[in-house]
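Read the figures in this text as sums done on the coordinates, not as results from a lab. The structure displayed is predicted, hence computed values, not measured ones. Cβ: placed from backbone, ideal geometry, glycine included. Neighbour counts: every protein chain shown.
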Amino acid sequence: MTLFPAAEDALSDEALAARLFPGGGEMGARIRALDWSATLLGPMRTWPQSLRTAVSIMLGSRFPMMVHWGPELVHFYNDGYATILQGKHPGALGQPAEPWWREMWPFLLSIFEPVWAGQTTFFENGLVLPNRQGFVEEAYFTFSHSPIYDEAGAVGGIFVTALETTTTVLQQRRLALLSHLTAQTALSALPAEAAQHIIAALATNAADIPFALLYAHEQSTPQAQLRAWFGLPAGEPAAPATLPIDSAAPPQVGWPLAEVLHAGRPLLVESLAVRFSAWPVGTWKEAPTQALLLPLQAGPSSTGTTNILIVGLSARRPLDEAYHTFFDLVADYAGRALARATATHEAQRLNQALREANTSLDSFVHIVAHDLKAPATNLRSLLDVYREEAPGPTKDHVLTLLDQEIDRLTGTVQGLLRVVHAQHGAAAPATEVVAFADVFATVRAEVAELLHQQQGRLTADFLAAPRALYPRIYLESILKNLVHNALKYRAADRAPLIHVRTQRQGAEVVLTVADNGRGINLPRDRARLFQAFTRLTAEGEGAGLGLHMIQSIIQQRGGTLDVSSTPGLGTTFTVTLPEAGPA
């Protein structure tokens, strides 16, 4: 509204302000109440009409607007712009611009200078770095700056129309990361591969996530292993290759993984420079001061591994609800990716095990068919001889041979049953105090004829550890198989010598069976030595079950079975039994 000078003179300052700028919400009231005589612009009654009009238009708009007037760019703004100013409101009203925007003054000058020259500038989703909340923050605006011409036709001020688009820009950027994360990890076949893809995806948004570390913790180990990372040099105090899971560690030192694992929920860690003494600068000039520790839910396919994702927080964004939600989604997507990779790897492992089992079954069928064919043929031949009514001594000999062949068939079947028994965890025989000398005598009697035929020697020394707490049938099976193995693979140029010995090793008994046989090429054959239905040579009898069976028995009861050998000189099998009997 334009008033004649005489009419204005008749009005008080308050009345004039009310006539010039009625309404306008909070900022209209503040503009009317401000003592403008104490500002660079002086009292309202001295303002040019061009300024009055610009301020009136600004106050009448619900769109965020600001007016800068004069060489010092004195601030006027409406209610919409007050929301944008945040901590700079209301102090900036009536004040020159530079002291209030010092953190971004070179940027603003690059915008103001063309406007002073009569040009209008426009930016869409432009990055602005204001200090509105006590720190320089990342913000985005779509804004226009237009010249305001004074009564002399010169540019007297700048009219600003602005819309903050920070929320939209951040949402688009964060959704793009989540989409990239899904695409990157879709084909990961291994957990370690998925971890690398997760970190690679996070690294595409260093503005929101200046650094990230992904640790994996196996429940059976006291440490977590670093799987992948970005934004920190490897080996730095904040990025160690392993992290102890120790709840007793000082609360202000290192990453508190134990607390996260125990609570099972995200944990905010602050004062990073204090925890780690130094911290590298990331995307922004300011180093991050906070991080979130996010436990990743691996889902039902978890195999005892807990993954923890450590993400740095931007020094230029507050940890508001939207930022929290973003990290919740990151944790969810990353956890699902690791779960998928774990499930895929487990399926591949099971498929490989199934293929190996099928291969073993094929081998078993061929071996058992071969081993049963020979005694079956012999039985038929012996029965034919028996039918011819041979003399009495011949019949007795035939019956003896029949017994031996039947024993061979029975032994093959019993060996197979023992393997099934050991592998499927059936109820084991009772543990008892067993004297090694008694077991040795039983085995020696069983192989006596074979020793005689081969002119071999079987000796023993049980003085150091005469007894063990063990199921007798298992101990007999272990010793019998190892002795039979030594006789089966004897050297061609010498009689077999087999020595059985026991020793105490703490609470354990160590049983060794050493021979002077042909030996084993362990670099070549170790991996196959204890496999089911496997023979290292085509000669000899047996279904390839013996060593596999006794290894299953020994391991099931907490012991170990090892082998050392020199080709051409002999082999020693070493069995560790977990409990020694009374001396």
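Tabulated values for the structure
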quantity	calculated
Relative packing of 66-72, 559-565, which averages over residues the other C-beta atoms within 10 Å, highest first	66-72, 559-565
Globularity index of region 170-348, i.e. its alpha-carbon radius of gyration over 2.2 N^0.38 Å	0.97
Whole-Hz couplings from phi, Karplus 6.51/-1.76/1.60, listed for region 223-235; x for Gly and Pro	9, 9, 9, 6, 8, 7, 6, 7, x, 9, x, 4, x
Ranked by how many other beta carbons lie within 10 Å on average, peptides 138-145, 26-33, 111-118, 149-156 from highest	138-145, 26-33, 111-118, 149-156
Integer Hz, Karplus 6.51/-1.76/1.60 couplings in order for region 571-578, x for Gly and Pro	9, 10, 9, 10, 10, 9, 9, x
Amide H contacts under 5 Å for Asp461, placed H, 5+ residues apart	Val500, Arg501, Thr502
Total charge dipole magnitude, region 148-283, about the Cα centre, Cβ charges on Lys, Arg, Asp, Glu only, Debye to nearest 20	360
